[in-house]
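The next block holds one structure in the form of structure tokens; read it before the comments.
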Amino acid sequence: MIYKTENYSEMSRKAAGMIAAQVIMKPDCVLGLATGSSPVGTYRQLIDWYEKGDLDFSKVSSINLDEYKGLAPEHEQSYRCFMNTNFFDHINIEKTRTYVPDGLTTDVEKCCKEYDRLAAEMGGIDLQLLGLGRNGHIGFNEPSDIFVGETHCADLTPSTIAANQRFFESEADVPRQAITMGIRTIMLARKIVVVVSGADKADALRAAVRGPITPQLPASILQLHPDVTIIADEAALSKM
Ligand code: F6R
């Protein structure tokens with residue numbers, strides 16, 4: 001299903017509505033969460049409803065898609081820091097039940113295996129929130145010759161490094177690798193909500209929805225998922 005919204009704020013309210021419904025229907029649900037610009041408004045809306053007393057996150061657990069390799073949780077551009085600042089610090093979620101890959105791990109293989117085990121032990125993800133990369137990535141599953149199922153350490157493509165430079169002082173400061181949940185765990189989520197905003201995502205969105213299913217455009221795999229809702233603004237849908 002694709003919802004067309006006028007703009008970013010309407011997109012954010014709709015996505016927040018779906019997450020709120022999930023939390024109300026299943027208070028101890030597992031949320032799969034994303035970082036980046038796309039979900040910030042969604043988190044802001046959820047915080048607003050929490051502050052009004054309409055939402056309770058005390059029993060919710062969360063597992064994030066990815067983390068930059070080499071960044072400490074305290075680093076202000078780490079995804080752990082992003083999640084705390086943009087969401088967790090403002091709601092009553094139990095922080096010990098919020099998981100983000102360990103960017104400082106010295107044993108990547110073990111860390112990745114444990115992350116997959118963790119997702120399974122949590123009972124799988126009830127609702128996975130995704131953004132869409134300009135090159136069609138989801139999480140940091142970058143365009144490649146194969147879909148990688150497991151959590152893994154990914155080399156970021158030059159286009160992703162360039163896109164994420166806006167958060168760092170210079171391009172040289174952008175980490176070159178990230179630990180990312182693989183396609184399998186994402187696809188095993190019971191429900192997937194994708195938020196997409198802006199004309200610079202229009203080509204990727206069109207290819208993801210209308211193009212062939214190919215690891216060169218990782219989001220195209222979502223065509224095979226039984227319950228995906230894409231919430232996109234007019235600009236992102238301008239090429240459909
Ligand atoms: C973030 C993530 C990425 C972003 C994507 C879009 O955790 O996994 O796939 O969702 O790069 O980023 P924004 O929303 O900043 O355009």
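Ordering Ile146, Ile192, Gln165 by the projection of their Cα atoms onto the charge dipole of the range 2-233, which places +1 on the Cβ of Lys and Arg and -1 on the Cβ of Asp and Glu, puts Ile192 at the extreme positive end.
If each residue of separation counts as 0.36 nm, what is the full-extension length gain between Lys4 and Asp28 once their alpha-carbon separation is subtracted?
Result: 5.7 nm gained on full extension.
The magnitude of the dipole of the chain, with charges of +1 and -1 set on the Cβ of Lys/Arg and Asp/Glu and taken from the Cα centre, is near 660 debye. Average accessible surface for the chain: 45 Å² per residue, computed with a 1.4 Å probe over protein heavy atoms with every protein chain in place.
What is the sum of charges around Ala207, taking Lys and Arg as +1, Asp and Glu as -1, for the other residues whose C-beta is under 13 Å from the C-beta of Ala207?
+4
With the Cα gyration tensor of the range 1-94 giving a ≥ b ≥ c as the square roots of its eigenvalues, does the rule (a/c under 1.5 for rounded; else a/b larger than b/c for prolate; else oblate) give rounded, prolate or oblate? All intermediate terms of the calculation are to be shown ahead of the outcome.
Numbers: a/c = 1.77, a/b = 1.26, b/c = 1.41.
Here the range 1-94 falls in the oblate category.
Taking packing as the residue-averaged number of other Cβ atoms within 10 angstrom, the listed peptides 84-96, 120-132 run from highest to lowest as 120-132, 84-96. Between the C-alpha center of the range 1-39 and that of the range 42-93 there is a gap of 13 Å.
Amide H contacts of Tyr99 (H built 1.01 Å from N, in plane; Pro and chain starts excluded): Ser62, Ile63, Asn64 sit under 5 Å, all sequence-distant by 5 or more or on other chains. Expressed as a whole percent, the accessible area of the range 2-233 that falls on carbon and sulfur atoms is 51 (1.4 Å probe). On the basis of the beta-carbon distance and an R0 of 25 Å, Gln177 and Thr214 show a calculated FRET efficiency of 0.60. In sequence order, the range 119-136 has phi-based couplings of 4, 5, 5, 6, x, x, 9, 6, 9, 9, 8, 10, x, 10, x, 4, 9, x Hz under the Karplus curve 6.51 cos²θ - 1.76 cosθ + 1.60, θ = phi - 60°, and Gly or Pro positions carry x.
The values are calculated or read from the model by the stated rules, or taken from the named source; none is laboratory data. Everything numeric in this text was worked out from a predicted model, so none of it was measured. Because the Cβ atoms are built from the backbone with ideal geometry, glycine has one as well, and the counts that use them run over all protein chains shown. These area figures cover heavy atoms from the full protein model, side chains too; ligands, DNA and RNA do not enter into them. Shrake-Rupley method; radii C 1.70, N 1.55, O 1.52, S 1.80 Å.
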